[in-house]
Amino acid sequence: MTSTVSTGSTTDQASTGGALTVDELRADLTLDQLQQLVGLVEYDEDGDVFPVTGWDAIVFVVGNATQAAHYYQSAWGMELEAYSGPENGNRDHKSYVLRSGSIRFVLNGAVDPDSALVEHHRRHGDGVIDISLEVPDVDRCVAQARKAGARVVREPEDVTDEHGTVRIAAIAAYGETVHTLVDRSRYEGPYLPGYDAAASTFKKPAGQPKRLFQALDHVVGNVELGHMDEWVEFYNRVMGFVNMAEFIGEDIATDYSALMSKVVANGNHRVKFPLNEPAPGKRKSQIDEYIEFYRGAGAQHLALATGDIIATVDALRDNGVEFLDTPDSYYEDPELRARIGEVRVPIEQLQQRGILVDRDEDGYLLQIFTKPIGDRPTVFFELIERHGSLGFGKGNFKALFEAIEREQEKRGNL
Ligand SMILES: [Fe+2]
């Protein structure tokens, strides 16, 4: 475990805006690696009204945290590192903290039948309740958020245990999702006060890569029809996020359904939030399906960055993770072959695995999408390997949506 680390705007690492988070340092990640993995850019920190160091945690509510913790270890190669539950004083719920590289997932499941998590899970199913961000100055962020009209759901407070003190607060985002803001620069515990370090007896399969993913690239939010611009404007106004890219209407329409998407990011693009809303189409769009089954706006997919998507996908498939199928016609399309040019592996290797490829003016990316990870057709994961591209696979949207529609059809939801 590292000692206290300076985070944020007081450091002199101007190139990509600030230091690594405590978790990134613990994961032995360098700024160069992160730049490659998630596509960081230079920016002027001085004008940042809401400095963000990086992701702190993705907090899920699940129906059975005990079993989900096993799934994220056995299927996704994550490691258990902290726990809170009845055994250490939390009689309301069990909470498992797992890590892969710089990413932390927190899985919460109700123990007490009267826990608020029970009602949350009844409405939304398994999903993301909190996209938590590490910030260097919680009070400054909350003052800015309040001034800009955000709803503060937890006032800044110090929480202390024998490992030190965290400063913590939270603001409301789309649907019932919140952004907890954490300054952990004075804290050396395994997660937050109330959590004890934990380890598991689970043994990884022999030959599996040390980590199947190293960092979080982006988290996509689905919002209701007509609300995308409102949430883009929220992130602009409240967090000073910049508009990164814009895909509208025909860009991402298939014969049946359509959606609109805009992307906001913090100054150095460490934290990227694409925001989708359904657009009118002949049949029910995948965003409508999500909103129906999630009962409102929420996080749709998490893009996990890997330096070797081939090895990662092979391991995930061996572990039973299911991906969307990509038809052979995708790889045989001469237009696609001409557009993508040379990539690091023969296209046949991508075809065997159903990995998609897209190229833009900055480089290319490889990506693949899982089927929904829970019982409802809501949250799923993307694996992404970037080679210079700062995009989101715009050229693949049509192929991707057609694959999702095939699954919607099977579920009777198209
Ligand atoms: Fe994505």
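Numbers for the structure displayed
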item	result
For region 15-134: Kirkwood Rh in Å [reciprocal of mean 1/r, alpha carbons]	16.0 Å
Convex hull volume per residue for region 259-414, taking Cα atoms only, in Å³	127 Å³
Sparse-neighbourhood loop sites, GluC sites (Glu not before Pro) in region 243-351 - DSSP loop, at most 14 other Cβ within 10 angstrom	Glu322, Glu342
DSSP bridge pairs, the chain: antiparallel proportion in percent, nearest 5	80 percent
Rg in Å to one decimal, and Dmax rounded to a whole Å, for region 302-383 via C-alpha atoms	13.2, 39
Rounded to the nearest 20 debye, dipole of region 308-347 from Cβ charges on Lys, Arg, Asp, Glu	160 debye
Euclidean distance between Cα centres, region 147-166 to region 79-93, Å	21 Å
Tilt relative to the chain, helix 138-147 - C-alpha long axis, 0 to 90 degrees, to 10	70 degrees
Principal-axis tilt of helix 397-411 within the chain, Cα atoms, nearest 10 degrees	80 degrees
Relative contact order [Cα under 8 Å, 6+ residues apart], the chain, whole percent	16 percent
Flagged links, alpha-carbon separation over 23 Å, of Lys262/Lys284; Lys272/Lys398; Lys210/Lys262	Lys210/Lys262
Gyration tensor verdict on the chain (Cα atoms; rounded if a/c is under 1.5, prolate if a/b is larger than b/c, oblate otherwise)	rounded
Gyration tensor (alpha-carbon) shape descriptor, region 234-322, a/c threshold 1.5	oblate
P(r) histogram, all alpha-carbon pairs of region 54-197 included - 5 Å bins from 0, percent	2, 10, 17, 22, 22, 17, 8, 2, 0
Options Pro280, Leu133, Leu98, ranked by Cα towards positive dipole end of the chain, top entry (Cβ charges)	Leu98
Distance between region 202-273 and region 306-328 - C-alpha centres, whole angstrom	21 Å
Volume in Å³ per residue [convex hull over Cα atoms, computed for region 286-346]	155 Å³
Cα-centre dipole for the chain with unit charges at Cβ (Lys and Arg positive, Asp and Glu negative), debye to 20	700 debye
Degrees separating the helix 65-74 axis from the principal Cα axis of the chain, which is the longest one	60 degrees
For the chain, calculated [θ]222 nm from helices alone, where every DSSP H run of n ≥ 4 adds -39500 (n - 2.57)	-7500 deg cm²/dmol
Rounded Å value of the spacing that divides the Cα centres of region 100-122 and region 351-381	26 Å
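FYI, it's all coordinate maths here, none of it is from the lab. The shown structure was predicted, so the numbers you read here are calculated from the model rather than taken from an experiment. Neighbour counts are summed over all protein chains in view; Cβ atoms, including those assigned to glycine, are modelled from backbone coordinates with ideal geometry.
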